[in-house]
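The values are calculated or read from the model by the stated rules, or taken from the named source; none is laboratory data. Being a predicted model, the structure only gives us computed values, none of them experimental. Don't worry about glycine lacking a Cβ; one is built from the backbone with ideal geometry, like all the others, and counts go over all protein chains shown.
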Amino acid sequence: MRDGAPQASGLGSGRDANKATTEDRMAREDFVDLKLEHHTTDGIEVVDVEGEIDVYTAPRLRELLIDLVNGGHYQLVVNMEKVEFLDSTGLGVLVGGLKRVRAHDGSLDLVCTQERILKIFRITGLTKVFGIHDGVDEAIAARKSEK
(Lines give C-alpha, C1' and ligand atoms only; values in the text may rest on other atoms or scores of the structure.)
Protein backbone atom coordinates (compact mmCIF):
# COMPACT_ATOMS: atom_id res chain seq x y z
CA MET A 1 0.00 0.00 0.00
CA ARG A 2 1.28 3.47 -0.89
CA ASP A 3 1.67 6.16 1.75
CA GLY A 4 -1.48 8.26 2.02
CA ALA A 5 -3.61 5.85 -0.03
CA PRO A 6 -6.94 5.06 1.58
CA GLN A 7 -7.51 1.54 2.82
CA ALA A 8 -10.11 -0.47 0.94
CA SER A 9 -11.42 -2.32 3.99
CA GLY A 10 -12.52 -1.11 7.41
CA LEU A 11 -9.86 -3.26 9.05
CA GLY A 12 -7.29 -0.51 9.48
CA SER A 13 -5.92 0.97 12.67
CA GLY A 14 -8.19 2.26 15.41
CA ARG A 15 -7.51 5.78 14.21
CA ASP A 16 -8.91 4.93 10.75
CA ALA A 17 -12.03 3.48 12.37
CA ASN A 18 -12.49 6.67 14.43
CA LYS A 19 -12.02 8.79 11.33
CA ALA A 20 -14.76 6.88 9.52
CA THR A 21 -17.08 7.40 12.47
CA THR A 22 -16.43 11.15 12.46
CA GLU A 23 -16.93 11.36 8.71
CA ASP A 24 -20.16 9.38 8.97
CA ARG A 25 -21.43 11.75 11.65
CA MET A 26 -20.47 14.82 9.61
CA ALA A 27 -22.30 13.40 6.59
CA ARG A 28 -25.42 12.86 8.72
CA GLU A 29 -25.42 16.25 10.42
CA ASP A 30 -27.16 18.09 7.60
CA PHE A 31 -30.01 15.60 7.61
CA VAL A 32 -30.57 14.50 11.19
CA ASP A 33 -28.87 16.38 13.98
CA LEU A 34 -30.01 20.00 13.64
CA LYS A 35 -33.01 21.73 12.14
CA LEU A 36 -33.17 25.54 12.09
CA GLU A 37 -36.11 27.77 11.18
CA HIS A 38 -36.85 31.39 11.94
CA HIS A 39 -39.72 33.84 11.72
CA THR A 40 -40.66 37.27 13.03
CA THR A 41 -43.30 37.72 15.72
CA ASP A 42 -44.15 41.20 17.06
CA GLY A 43 -40.88 42.58 15.69
CA ILE A 44 -38.79 39.90 17.42
CA GLU A 45 -36.93 37.28 15.41
CA VAL A 46 -37.68 33.78 16.72
CA VAL A 47 -35.19 31.02 15.89
CA ASP A 48 -36.62 27.51 16.28
CA VAL A 49 -33.92 24.93 16.95
CA GLU A 50 -34.52 21.19 16.87
CA GLY A 51 -32.00 18.41 17.50
CA GLU A 52 -28.44 18.61 18.77
CA ILE A 53 -26.29 21.72 19.14
CA ASP A 54 -22.77 20.32 19.26
CA VAL A 55 -19.31 20.75 17.79
CA TYR A 56 -20.56 19.51 14.39
CA THR A 57 -23.82 21.44 14.12
CA ALA A 58 -23.13 24.62 16.11
CA PRO A 59 -21.47 26.41 13.16
CA ARG A 60 -24.82 26.36 11.32
CA LEU A 61 -26.54 28.07 14.26
CA ARG A 62 -23.64 30.56 14.51
CA GLU A 63 -24.03 31.44 10.81
CA LEU A 64 -27.77 31.97 11.19
CA LEU A 65 -27.35 34.23 14.23
CA ILE A 66 -24.66 36.26 12.44
CA ASP A 67 -26.86 36.59 9.35
CA LEU A 68 -29.80 37.77 11.45
CA VAL A 69 -27.72 40.40 13.27
CA ASN A 70 -26.13 41.52 9.99
CA GLY A 71 -29.67 41.85 8.62
CA GLY A 72 -30.60 44.27 11.40
CA HIS A 73 -32.37 41.83 13.75
CA TYR A 74 -31.21 42.68 17.26
CA GLN A 75 -34.09 41.26 19.30
CA LEU A 76 -33.80 37.47 19.17
CA VAL A 77 -35.51 34.57 20.89
CA VAL A 78 -33.92 31.15 20.46
CA ASN A 79 -36.56 28.48 20.99
CA MET A 80 -34.72 25.43 22.36
CA GLU A 81 -37.78 23.39 23.37
CA LYS A 82 -36.85 20.64 20.90
CA VAL A 83 -33.09 20.65 21.58
CA GLU A 84 -32.01 17.18 22.66
CA PHE A 85 -28.33 17.91 23.37
CA LEU A 86 -26.16 20.97 23.98
CA ASP A 87 -22.38 20.95 24.37
CA SER A 88 -19.83 23.65 25.18
CA THR A 89 -19.52 24.63 21.52
CA GLY A 90 -23.25 25.27 21.42
CA LEU A 91 -23.02 27.35 24.59
CA GLY A 92 -20.24 29.37 22.98
CA VAL A 93 -22.40 30.06 19.93
CA LEU A 94 -25.26 31.30 22.12
CA VAL A 95 -22.92 33.54 24.15
CA GLY A 96 -21.39 34.84 20.91
CA GLY A 97 -24.86 35.62 19.57
CA LEU A 98 -25.70 37.47 22.78
CA LYS A 99 -22.54 39.58 22.46
CA ARG A 100 -23.41 40.43 18.86
CA VAL A 101 -26.93 41.64 19.64
CA ARG A 102 -25.81 43.51 22.76
CA ALA A 103 -23.34 45.44 20.62
CA HIS A 104 -26.49 46.90 19.02
CA ASP A 105 -28.36 47.31 22.34
CA GLY A 106 -30.32 44.17 21.50
CA SER A 107 -31.22 41.00 23.35
CA LEU A 108 -31.09 37.24 22.95
CA ASP A 109 -33.53 35.31 25.12
CA LEU A 110 -33.89 31.54 25.32
CA VAL A 111 -36.91 29.29 25.55
CA CYS A 112 -35.96 26.14 27.40
CA THR A 113 -38.02 23.81 29.55
CA GLN A 114 -35.94 20.63 29.53
CA GLU A 115 -34.28 20.04 32.87
CA ARG A 116 -31.12 18.44 31.42
CA ILE A 117 -30.50 21.51 29.23
CA LEU A 118 -31.44 23.99 31.98
CA LYS A 119 -28.94 22.27 34.27
CA ILE A 120 -26.14 23.19 31.86
CA PHE A 121 -27.11 26.86 32.06
CA ARG A 122 -27.30 26.72 35.88
CA ILE A 123 -23.92 24.96 36.26
CA THR A 124 -22.19 27.47 33.99
CA GLY A 125 -23.87 30.48 35.61
CA LEU A 126 -25.48 31.48 32.32
CA THR A 127 -28.93 31.72 33.91
CA LYS A 128 -27.70 35.12 35.11
CA VAL A 129 -26.73 36.14 31.57
CA PHE A 130 -29.66 34.92 29.46
CA GLY A 131 -33.34 35.48 29.93
CA ILE A 132 -34.68 31.92 30.01
CA HIS A 133 -38.41 31.41 29.51
CA ASP A 134 -40.96 28.58 29.43
CA GLY A 135 -42.44 29.52 26.06
CA VAL A 136 -42.00 31.77 23.02
CA ASP A 137 -45.03 33.91 23.91
CA GLU A 138 -43.63 34.45 27.43
CA ALA A 139 -40.21 35.42 26.03
CA ILE A 140 -41.75 37.90 23.60
CA ALA A 141 -44.02 39.39 26.28
CA ALA A 142 -41.06 39.77 28.68
CA ARG A 143 -38.98 41.51 26.00
CA LYS A 144 -41.81 43.83 24.95
CA SER A 145 -42.50 44.82 28.58
CA GLU A 146 -38.88 46.03 28.91
CA LYS A 147 -39.20 48.49 26.03
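Candidates in region 103-122 are the residues that are more than 18 Å from the chain's Cα centre (by Cα) and under 26 Å from PRO59 (Cβ atoms); of these, the one that is surrounded by the most Cβ atoms within 10 Å (Cβ to Cβ) is GLY106. Filtering region 79-132 to residues that are more than 18 Å from VAL55 (Cα to Cα), assigned to a loop (DSSP other than H, G, I, E, B) and of a type outside the set (Gly, Ala, Ser) leaves HIS104, ASP105, CYS112, THR113, GLN114, VAL129, PHE130.
Restricted to region 66-78, and to residues there that are within 19 Å of LYS35 (Cα to Cα) and over 10 Å from the mean Cα position of the chain (by Cα), the residue that is surrounded by the most Cβ atoms within 10 Å (Cβ to Cβ) is VAL77. Here GLU63 passes the criteria (1) outside any helix (DSSP H, G or I); (2) out of contact with any strand residue (DSSP E or B) (no Cβ under 7 Å at 6 or more places or on another chain); (3) surrounded by fewer than 18 Cβ atoms within 10 Å (Cβ to Cβ); (4) not aliphatic (A, V, I, L, M) except the one numbered (1). Checking ARG143, ARG100 one by one, the residue that is over 12 Å from the mean Cα position of the chain (by Cα), modelled with pLDDT under 95 and surrounded by 16 or more Cβ atoms within 10 Å (Cβ to Cβ) is ARG143 and no other.
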